[in-house]
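Input: a single structure, listed below in structure tokens.
The values are calculated or read from the model by the stated rules, or taken from the named source; none is laboratory data. No experiment lies behind these values; they were computed from the predicted model shown. The accessibility values were calculated without ligands, DNA or RNA, using every heavy atom of the protein model including side chains. Shrake-Rupley method; radii C 1.70, N 1.55, O 1.52, S 1.80 Å.
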Amino acid sequence: MGKRRNRKRTRSSPPTNNDNDNANAIASTPPTDTVPPITHEGQMPQKKFYRSRAHCNPLSFNEAFDYPPRPDLFDWTEEHYPNHPQLSDCGTDAGEFSASSAQIHPTVLDVGCGFGGLTLALSALLPEETILGLEIRSKVTEYVRLRILASRKEAMGTGASIAGCDGDGETHDAEKEDGETHDAEKDDTETDATDRDDPNDKRASHRDHRPTHQNASVLRTNAMKYLPNHIPPRSLSKLFFCFPDPHFKKKNHPRRIVSTRLLTEYAHWLKPGEGKLYCITDVRDLHEWHVERCEEHPLFEEVTEEEMEGDECVWAMRTETEEGKKVRREGREMWWK
């Protein structure tokens, strides 16, 4: 048998004056809900405050999401597109507004939009469409929401507070104050400058028209679970999957965003005969997976090389996404269809 250990017993000491001072200090601390936000609405957010893990498992992501029972019960003009261009000619009658707002719904989806580079680019390239970025990570979704609001404010001519920010929302003055050098964002700015000097730049036809970004928004949701609750059937003209998680292990292939089962659902939302699905990745094996699944599916057919070369959206997903800029900066290859 083991030896019995003698336990030391201590008596609680009476509170001292220092303890009372500490308790008063804690009681006088203001509640956390009074702490000002990192970024006020209308100001361009900075990425360094909204970093998050690159990927997550969508099949086991258990955070709560808000979603309507049916797509027709969701008013997109209430929070996402309050000043949508198609609402500008509507009257003030409430019934007339309700009837017109019911016609506003996303027609282009950027699934896994990341920091919103492609979402904002598409709002300028496709002014007649309604663009919606989908993102599962809460911090990144908030960044994109603030970035869209700041872009709208800048387009209205009241963007003095966001002057000096580049396209990715990094404030140059803040960099100087913090003594930090953001080489990645600097390279992105240099890449954008090179693109603007390119005579073959697909944005050339849109430079004279300043986008208002009133047709762009972002929604935090799990696209593999809740799209049927938000998107009506046969309503999408374009569907983008840019640099999705490759899920290299074979046991994780069911997590891939492009699969035979999910392609059937995507075909349900795309407009027959004109809807297009776009995929781009820097992983060759994943690209071959995308091509094989789409070729095997009876509801999809491959577009010609001529159509791809003339499609400005193909150019945008190669140059406007943050991941695409990183791949170009590092000199790596990309594959798309």
| remark: Under a 1.4 Å probe, counting only protein heavy atoms, Ile257 has an accessible area in Å², nearest 10, of 30 Å²
| query | Once amide H atoms are placed 1.01 Å from N in the peptide plane, what residues at a sequence separation of 5 or more from Val218, or on another chain, have their amide H within under 5 Å of its amide H? | reply | Gly133
| Once amide H atoms are placed 1.01 Å from N in the peptide plane, what residues at a sequence separation of 5 or more from Lys276, or on another chain, have their amide H within under 5 Å of its amide H? | Lys238, Leu239
| note | Residue separation between His253 and His297 times 0.36 nm, minus their alpha-carbon distance, gives in nm 14.1 nm
| Could you state the number of Å between the C-alpha centres of region 124-156 and region 226-297? | 22 Å
| message | Within region 250-337, what whole-number % of the accessible surface is contributed by carbon and sulfur, with the 1.4 Å probe and all protein chains included in the calculation? | response | 47 percent
| Can you flag which of Lys139/Lys325; Lys139/Lys225; Lys249/Lys337; Lys238/Lys326; Lys153/Lys225; Lys47/Lys276 are past 26 Å Cα-Cα? | Lys153/Lys225; Lys47/Lys276
